[in-house]
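Each value in this text was obtained by applying a stated rule to the coordinates, not by laboratory testing. It should be emphasised that the depicted structure is a prediction, and the values quoted were computed from it without experimental measurement. In this analysis, Cβ positions are derived from the backbone assuming ideal geometry, glycine residues included, and neighbour counts consider all displayed protein chains.
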Amino acid sequence: CCLSRTFSKNNPETKVHCKKVEDFLEENGPTPVEFREKQGRVSVVLCSPPCQSFSGSNRDVDHNSEKDLYRKGLSLKFFDAVVTTGALAGVFENVEGMWRRPNIYFLKKIVFDHLK
């Protein structure tokens, strides 16, 4: 949460949340209406996907393990957060390994299901 601490320090009037996306969504309502009732409007959602599952350095990972699939699935929750918050923009950190063949399913989900 280093980025959020720096941002908060430079923008003390701005509300900043730094937590797992699934916890954030669960705490603030699963629908845009519920979210806005609790938190108001959101300008930007920033996301940094769990790198372990997408890292090229992590060659020994079982790409189909439950733990690995869970981590990768968190990346898709980013899009749920953008929709639920009604954010004007979403910034998703590019992890190079996401573009590799073992991870192509998640890349396709992002492009075809979320960016259409």
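So how do 77-84, 102-109 stack up, highest first, on mean other-Cβ count within 10 Å?
77-84, 102-109
Hey, can you grab everything whose amide H is under 5 Å from the amide H of VAL45? Only 5+ residues off in sequence or another chain; H modelled, so Pro and N-termini drop out.
ALA89, GLY90, VAL91
Give me a comma-separated list of calculated 3J(HN,Hα) values for the stretch 14-26, in order, Karplus coefficients 6.51, -1.76, 1.60 applied at θ = phi - 60°, integers in Hz, x for any Gly or Pro.
Each residue of the stretch 14-26 in turn: 9, 6, 10, 10, 10, 6, 4, 4, 5, 5, 4, 5, 5 Hz.
Filter LYS20/LYS108; LYS38/LYS109; LYS9/LYS72 down to the pairs with a C-alpha to C-alpha distance above 25 Å, please.
From the list (LYS20/LYS108; LYS38/LYS109; LYS9/LYS72), the Cα-Cα distance tops 25 Å for LYS38/LYS109; LYS9/LYS72.
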